[in-house]
Amino acid sequence: MTEPSQATQEALSYTSYLGLDDVLNAQRLRSDEHDELLFIVIHQVYELWFKQILHEAAFLQANLEKGNTAHSIRTLRRILTILKVAVAQIDVLETMTPSQFTSFRARLDASSGFQSAQFRELEAVLGRRDERVFAHYPEGGEQRKRIAEAMARPSLFDSFLAYLKVSGYAVECDRDVTRSVEPSPALQAILLDVYSDDGGPSVVAECLVDLDEGMQEWRYRHVKMVERTIGDKTGTGGSSGATYLRTTLFQPMFPDLWAVRSRL
């Protein structure tokens, strides 16, 4: 009779299943300041949410391209709910005063939120095409590779166009996916039909508008949080801080879904 393996001898527990020993020991403080732990925890949680949104976005694109309305709507609603939680976390971060952040800010060295590869990948999935983001990632690195791959494949909006085509609308799907989405009067005419038909595709379209608005809300809250914490000082890692972040405001990811509203 063979001896049971070590894996079967050790019963799975809450701690081992969730890898809590790794998770709860991943906060490596660089100062003795009380508020540094909050800063680290919140940003680590953001990264976990970005990971989940990327996971859901891949599932969403696959279902859109198959014309699966029900799964697409459910997945979009999950992404929207996660995004609302992420935005709400800014309220927690804003309990930190400017002086509390300053007390450990120098210990961050060159690290900066601009280096969040997962957020850059998410932007690419949502359609952003801006090679300036590569300045933060070295050639040949895994993070740069993932962002580049996301910029080279169809964005979420491209998957939505494929969904409309599968749903019976005369949509052209030969767009260069390596370029940003530009407003299209021809597509807007088709979207008028989508909204007029008032079926599943119109619900998907409205969920995408919700997602676009949610991302803009995230950017606005992020800007205001940075302004109230460090004003117009240079950001950590030498970034331009709030000055740069303001340029990202009011830039819709899905311009046709906004442009068509004045014609509905």
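The values are calculated or read from the model by the stated rules, or taken from the named source; none is laboratory data. The structure presented is a predicted model; accordingly, all values stated were derived computationally and were not measured. Here Cβ is always computed from backbone atoms with ideal geometry, including for glycine, and neighbour counts include all displayed protein chains. Note: accessible area is taken over every heavy atom of the protein model, side chains too, but ligands, DNA and RNA are not part of it. Shrake-Rupley method; radii C 1.70, N 1.55, O 1.52, S 1.80 Å.
See the values below:
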| quantity | calculated |
| --- | --- |
| Computed over the chain, Cα set: Rg, Dmax in Å | 21.5, 76 |
| Förster radius 25 Å - calculated FRET efficiency between ALA58 and ARG107, Cβ distance, rounded to 0.05 | 0.10 |
| Relative contact order %, segment 113-191, counting alpha carbon pairs below 8 Å whose residues are six or more apart | 30 |
| Modelled label reach - ALA70, point 7 Å along Cα→Cβ, segment 171-208 residues with backbone N closer than 18 Å | 199-204 |
| Nearest-0.05 FRET efficiency for ALA186 and ARG30, computed from C-beta distance (R0 45 Å) | 0.25 |
| Heavy atoms of THR97 accessible to a 1.4 Å probe, total area in Å² rounded to 10 | 60 |
| Karplus-derived HN-Hα couplings along segment 91-106 (A = 6.51, B = -1.76, C = 1.60, θ = phi - 60°), whole Hz, x at Gly and Pro | 4, 5, 5, 6, 6, 8, 7, x, 5, 5, 5, 4, 4, 10, 4, 4 |
| Count of lysine pairs in the chain with Cα separation under 22 Å (8 or more residues apart, or interchain) | 5 |
| Whole-percent carbon and sulfur share, accessible surface of the chain, 1.4 Å | 54 |
| Candidates ASP212, ASP130, ASP158: whichever shows maximal mean-square fluctuation once the chain is modelled as a Gaussian network with Cα springs under 10 Å | ASP130 |
| Mean residue ellipticity (222 nm) of the chain, computed from DSSP H runs ≥ 4 via -39,500 (n - 2.57), nearest 500 | -19000 deg cm²/dmol |
| Cβ-based charge dipole, segment 111-233, positive-most Cα from ALA189, TYR220, PRO201 | TYR220 |
| Gap separating the Cα centres of segment 36-76 and segment 169-194, nearest whole Å | 25 |
| FRET efficiency estimate (nearest 0.05) - Cβ-Cβ, LEU249 to ARG77, R0 30 angstrom | 0.75 |
| For segment 33-165: accessible area per residue (Å², 1.4 Å) | 49 |
| Relative contact order (%) - criterion: Cα under 8 Å, at least six apart; region: the chain | 22 |
